[in-house]
Amino acid sequence: MSSSDPATQPQLENFKVFSKHVGVWQGKWIRLDADGQEIERFTGVVTKKIIDNQWFQTNTYQYADGKTVTQNFVGIVAGVGAIKIESSEPPFSNFATLAEEYSENTILFRIWDKATGVLIGIETIVLSDENNCIRTSQGYTLDGKFKGGLMIVEHKIES
C-alpha cells in the first residue's frame, strides 16, 4: 500500500493540535508595517472544519468602514501532523502553505511564493487553552525583506 492510500493515510481528526481548532473562532486582528506601526485593525470570524479527511477553513473579515472580505482555504494531509493548505482565491492562490503541529498546542505555518519558491511568510498559532489562541505572522518580500506582521487574538465561539 502506498502512503496516499486512504486506509493508511493519517486522519485529521486524530491530529493532536488541528483537531482542537475545529469550530468557529472570532478575534481581533492588528496589521503592522515593517517598523511595527499599526496599519489597520479589524475583526475576523474563522470557521474550521474537517470533512472527509480534508481541512476546510473560511475566514471572514469585517472592517470599520463596513467592508467584508471572505477567503476560503482547503487543506490535505501531507504527513503526520502536517497539512498542505491552498486557496483558489487571490492573492492566496499564488502561495503554497504547509502547516505543521509542534508540541501539544502550537501550529507553524510556512508560506512560499509558488512562482519562485521563496519563503514569504511564517505564522504561529498557539492555543493558550481550548477556547483561546494567539496568532502571530511575519511577511517578507521576494527578496527577503521584512514587510510587516499580524497579531491576532481569537476565542472559540462555537464548537
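Quick notes on this one:
- Of the residues making up segment 102-159, those that are open to solvent by 50 Å² or more (accessible area, probe 1.4 Å), assigned to a strand (DSSP E or B) and either among the basic types (K, R) or on the phi > 0 side of the Ramachandran plot (or both) are R110, K147.
- Selected residue (only one of F92, F42 is open to solvent by less than 30 Å² (accessible area, probe 1.4 Å) and not basic (K, R)): F42
- Counting the residues of segment 49-68 that are surrounded by 12 or more Cβ atoms within 10 Å (Cβ to Cβ), over 14 Å from L150 (Cβ atoms) and free of Cβ contacts under 8 Å to residues at least 40 places away in the same chain gives 8.
- Every pair of residues 6+ apart whose Cβ atoms lie under 8 Å, when the first sits in segment 33-48 and is over 30 Å from L12 (Cβ atoms) while the second is open to solvent by 50 Å² or more (accessible area, probe 1.4 Å) and among the β-branched types (V, I, T): D33/I39
- Number of the condition not met by T58 [criteria: (1) part of a loop (DSSP other than H, G, I, E, B); (2) among the hydroxyl-bearing types (S, T, Y); (3) under 18 Å from L12 (Cβ atoms)]: (1)
- Looking at V46, V69, just one residue is under 12 Å from the mean Cα position of the chain (by Cα) and within 26 Å of S159 (Cβ to Cβ), and that residue is V46.
- Condition met for V126 (within 15 Å of K20 (Cβ to Cβ) and not small (G, A, S)): yes
The values are calculated or read from the model by the stated rules, or taken from the named source; none is laboratory data. Just so it is clear, the structure is predicted and the values come from calculations on it, not from any experiment. Glycine also receives a Cβ, built like all others from the backbone with ideal geometry; neighbour counts cover every protein chain displayed. For the accessible areas, the whole protein counts, side chains as well, though only heavy atoms, and no ligand, DNA or RNA atoms are used. Shrake-Rupley method; radii C 1.70, N 1.55, O 1.52, S 1.80 Å.
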